[in-house]
Amino acid sequence: MTLVYILSGILLLGALSYVGIRREKNERLRFEREELARLEEANGADDPAPAVGDPEPLSVWDPSPVSAGTSVYLGSNGTDPLLWQPLSLPNPHLLIVGGSGSGKSQTLKAIAHELREACAVVILDLHGDLDLEGAATHELHFRSRYGINPLVLSLDQKGGGPNAQREIVRTRLHRTFAPMGSLQLGLLDRLLRQCYEVRGIRHEDPTSWYREPPSFADLEALFQREIAAAKRPEKLEALRTKISPVFDCQIFSRPALPIREKGITRIDMSRLSSEVQFLASDILLRHLFREAMLSGEAPPGKLRTLLVIDEAKLLALRGKGDPLGILNRLATEARKYGLGLLLASQDLEHFTRDILTNVAAKLVLMHAETAIRTTAGRLLLETGQLQALREPFVGLVKLGGGGWKRVRVRPYYERL
């Protein structure tokens with residue numbers, strides 16, 4: 001009988017918890033709707049906000065506003081322009097989520113185009129469809145002129161040097177080419193250490209950190225020498241085979257690609273495999289973040305660089321359980337160094353709580369039916385609000401602490 005009472009109590013507590021959660025969600029939804037109505041009334045709107053499922057009252061764009069500085073004209077809600085002002089928000093990050101054909105790529109290009117004079121814009125283009133007029137485009141492939149060197153050192157004596165870089169590279173290769181056992185990780189660490197030692201770079205001597213760093217060409221050469229000299233080379237051969245894509249593509253053995261200090265730099269990775277795309281993106285973002293930190297905190301009201309990442313799921317999913325995953329770190333720490341994030345994906349499920357919490361601006365475009373429930377639940381929207389988004393460039397935008405507003409985004413091709 002005691003067991004029955006205990007089980008009954010557990011069930012009762014579970015039911016009360018569920019009711020409390022539903023009540024809290026409903027209260028927050030009510031607050032969002034009231035806040036949206038209040039803001040529209042303050043802006044002089046004559047008509048109330050459209051109810052869920054009503055036809056979109058967004059047939060006209062206002063072409064007159066022009067983005068100035070870091071104020072970006074997103075589009076119109078039918079009567080008023082909607083501006084994304086990243087430096088007036090808690091952080092200069094924007095997340096775009098929408099299904100295939102919803103207008104994500106055109107929206108990314110439009111924002112990058114508007115900010116090209118205000119800061120450096122670095123685009124990681126994984127599909128090869130984010131070409132913009134006036135952008136400096138660098139393709140990464142087997143015969144590309146430039147590449148990304150994972151073995152370049154941070155010169156920060158408190159957190160840099162070869163020991164720190166070995167840890168970063170070993171961890172990234174482990175995550176990219178999992179599973180990798182402790183024996184293979186030990187072999188990899190030893191060879192990475194030798195790469196630096198051959199170049200005369202020792203962690204105990206910070207003056208040696210300024211020497212020319214090794215590249216993955218040095219790592220591959222060490223593999224070949226060790227395999228040739230070993231009596232039982234099977235373990236070395238297995239490890240070399242596992243990470244062979246980083247040697248085959250050769251982009252990790254070439255001069256570092258140049259990044260513009262202002263204007264748009266587009267890095268086209270569309271010809272690389274997904275594993276190499278992940279590794280190259282991860283290493284490049286870490287390098288840019290490190291350089292920003294070495295430059296010190298940005299002056300108030302200064303956006304140094306906007307990092308644009310289409311199909312961000314490639315990085316988000318692989319680093320989802322990693323608190324030091326580069327997107328998690330950028331979302332939580334990059335603001336004070338003048339770095340902004342512009343992320344796009346088809347499914348909100350790809351992003352961690354850290355990213356969703358620390359991205360102040362969100363734009364929701366037309367969704368696939370299977371993704372609606374996830375987005376609605378995580379952004380406290382009603383499913384009917386997302387089901388009502390039935391055409392490209394029509395969406396809902398939330399800028400900081402304000403409520404959600406309807407928007408028709410003005411695409412890139414209309415801004416030229």
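The values are calculated or read from the model by the stated rules, or taken from the named source; none is laboratory data. It should be emphasised that the depicted structure is a prediction, and the values quoted were computed from it without experimental measurement. All Cβ positions, glycine included, derive from the backbone under ideal geometry; neighbour counts span all protein chains shown.
Going by the conditions given, is residue 280 without any contact (Cβ under 8 Å) to a residue 40 or more places away in the chain, surrounded by 20 or more Cβ atoms within 10 Å (Cβ to Cβ) and touching a strand residue (DSSP E or B) at 6+ places or on another chain (Cβ under 9 Å)? Considered against the rule, which asks whether it is without any contact (Cβ under 8 Å) to a residue 40 or more places away in the chain, surrounded by 20 or more Cβ atoms within 10 Å (Cβ to Cβ) and touching a strand residue (DSSP E or B) at 6+ places or on another chain (Cβ under 9 Å), residue 280 comes out as no. Whenever a residue of the stretch 342-355 is without any contact (Cβ under 8 Å) to a residue 40 or more places away in the chain and in the same structural domain as residue 105 (by TED's automatic domain parsing), its partners that are surrounded by fewer than 20 Cβ atoms within 10 Å (Cβ to Cβ) and hydrophobic (A, V, I, L, M, F, W, C), lying with C-beta atoms within less than 8 angstrom and at least six residues away or across chains, give the pairs 349/371; 350/317. In the stretch 114-156, of all residues being of a type in the set (Ser, Thr, Tyr) and outside any strand (DSSP E or B), the one that is surrounded by the fewest Cβ atoms within 10 Å (Cβ to Cβ) corresponds to 146. Scan the stretch 377-397 for residues that are buried (at least 21 other Cβ atoms within 10 Å of the Cβ) and either charged (D, E, K, R) or outside the structural domain of residue 351 (by TED's automatic domain parsing) (or both) and the total you get is 0. Residue-level analysis places residue 314 among those that are at pLDDT below 90 and under 20 Å from the mean Cα position of the chain (by Cα). Can you name every residue in the stretch 376-398 that is within 27 Å of residue 134 (Cβ to Cβ) and among the hydrophobic types (A, V, I, L, M, F, W, C)? Those that are within 27 Å of residue 134 (Cβ to Cβ) and among the hydrophobic types (A, V, I, L, M, F, W, C): 393, 397.
Per the listing 363, 380, 396, the residue uniquely within 23 Å of the chain's Cα centre (by Cα) and on the phi > 0 side of the Ramachandran plot is 380.
Taking the stretch 254-264 as the range and being surrounded by fewer than 19 Cβ atoms within 10 Å (Cβ to Cβ) and not in a loop (DSSP other than H, G, I, E, B) as the test, the residues that pass are 256, 263.
Looking across 331, 371, 344, one residue alone is over 24 Å from residue 307 (Cα atoms), at pLDDT below 95, within 21 Å of the chain's Cα centre (by Cα) and surrounded by 18 or more Cβ atoms within 10 Å (Cβ to Cβ). It is 371. Filtering the stretch 217-266 to residues that are in contact with a Lys or Arg (Cβ under 6 Å, 6 or more places away or on another chain) and in contact (Cβ under 8 Å) with a residue 60 or more places away in the chain leaves 263, 264. So residue 145 ticks every box in (1) more than 25 Å from residue 248 (Cβ to Cβ); (2) modelled with pLDDT under 95 but one. Which box is left unticked? Failed condition: (1).
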